[in-house]
Structures are given as C-alpha cells and as structure tokens.
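The values are calculated or read from the model by the stated rules, or taken from the named source; none is laboratory data. Computed from a predicted structure; not experimentally measured. Here the Cβ positions follow ideal geometry from the backbone for every residue, glycine too, while neighbour counts run over all protein chains shown.
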Amino acid sequence: MAEWGGKTVGFIAVHSRWYDWQEDLVGEIHELAVDKGYQKKDIGKTLIEKALDYLKSRGRKRITLWVGERNDRAIKIYERMGFIKLYQWGIWVRMILYA
Ligand SMILES: CC(C)(COP(=O)(O)OP(=O)(O)OC[C@H]1O[C@@H](n2cnc3c(N)ncnc32)[C@H](O)[C@@H]1OP(=O)(O)O)[C@@H](O)C(=O)NCCC(=O)NCCS
C-alpha cells in the first residue's frame, strides 16, 4: 500500500510463486492502481520497485504481468523499468522482466 499524509493512495498486489499457462514459476504482478488525484508523483513507479525487490528477494528471476493493449501509460512505465512484451491474448498483453 502507498500512503500519503495518512491516506491510502495506491496499492500493488503480487504473488511470489505463480504458475502461468506458458511459463514455469514466475513472480506475478496482479494489480496496480494509484488514486487519480495522486498520479504522476512517482507512486506507481515506487510501488513497482518495491514489488520487484520483494519478488527478487523470494528468488524469482522472471517477473510477469498482464496489461491491457490500450493502456499506453502503464505499458510505457513497465517498459522503462525493463519489462518487454512477450505475447498477446485478446486485448491482454503479457509482459516479462528478466531480473
Ligand atoms: C499506471 C499507474 C499505476 C501509474 O501510476 P503513477 O503513480 O501515476 O505513475 P508514476 O508517477 O510512478 O509515473 C511513472 C512514469 O510515468 C510517467 N507518467 C505517469 N502518468 C503519466 C501520464 N498520465 N502521462 C504521461 N506520463 C505519465 C511519469 O512521468 C513517470 O515517468 P518517469 O519514469 O520518466 O519519471 C496509474 O496511472 C494508474 O493507477 N492507472 C490506472 C490503473 C492501471 O492502469 N493499472 C495498471 C494495470 S496493469
């Protein structure tokens, strides 16, 4: 959870032992959201960094997530942090980071 002045303004949810249909054991980022009024303050980036630290500390070498194909903002943030696109399923893009 991310807090700002005592208020919860964002969260990230991850799983350190996730098995997806095309990959073996990975660390998965399931959810990420920042309150609209608190976006563009590096909160999202900080949440992702914390999640990556946690998943790496659990020994995960591959970290994955699904993102909507039209979610350019999130895709750009993930790409800047080292994620690359793996494949697409319907409107959903699978991304991976090799830690
Ligand atoms: C995606 C999301 C979590 C980003 O959170 P955030 O706190 O605004 O992101 P940050 O402030 O950490 O921004 C990280 C980078 O993206 C840029 N950025 C953020 N919002 C942007 C916007 N609206 N337009 C352009 N650039 C933007 C920042 O400038 C920053 O760039 P930098 O790394 O060069 O400094 C937030 O927009 C959100 O909650 N979106 C709705 C839910 C969602 O799409 N979740 C992801 C599902 S996979």
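Quick notes on this one:
- Filtered by the rule that a residue be in a strand (DSSP E or B) and more than 16 Å from E23 (Cβ to Cβ), segment 68-99 gives a lone residue, G68.
- Condition check for Q22: in contact (Cβ under 8 Å) with a residue 60 or more places away in the chain and loosely packed, with under 14 Cβ neighbours inside 10 Å: yes
- Contacts under 7 angstrom Cβ, first residue in segment 27-43 being closer than 10 Å to H15 by Cα, partner near the ligand (Cβ under 7 Å from one of its atoms) and hydrophobic (A, V, I, L, M, F, W, C), 6 or more apart: E28/L65; I29/L65
- One residue stands out in segment 61-95 among those that are charged (D, E, K, R), touching a residue at least 24 places away in the same chain (Cβ under 8 Å) and within 13 Å of the ligand (Cβ to nearest atom): the one that is surrounded by the fewest Cβ atoms within 10 Å (Cβ to Cβ), namely E69.
- Test: residue in segment 1-8 that is over 14 Å from A99 (Cβ atoms), surrounded by 15 or more Cβ atoms within 10 Å (Cβ to Cβ) and of a type in the set (A, V, I, L, M, F, W, C): yes
- Failed item in (1) modelled with pLDDT of 95 or more; (2) not in a strand (DSSP E or B), with A33 passing the rest: (2)
- Extreme residue, farthest from the chain's Cα centre (by Cα), among residues of segment 11-36 that are within 16 Å of M1 (Cβ to Cβ) and more than 8 Å from the ligand (Cβ to nearest atom): F11
- Members of segment 37-60 that are surrounded by 14 or more Cβ atoms within 10 Å (Cβ to Cβ), within 15 Å of the ligand (Cβ to nearest atom) and part of a loop (DSSP other than H, G, I, E, B): Q39, K41
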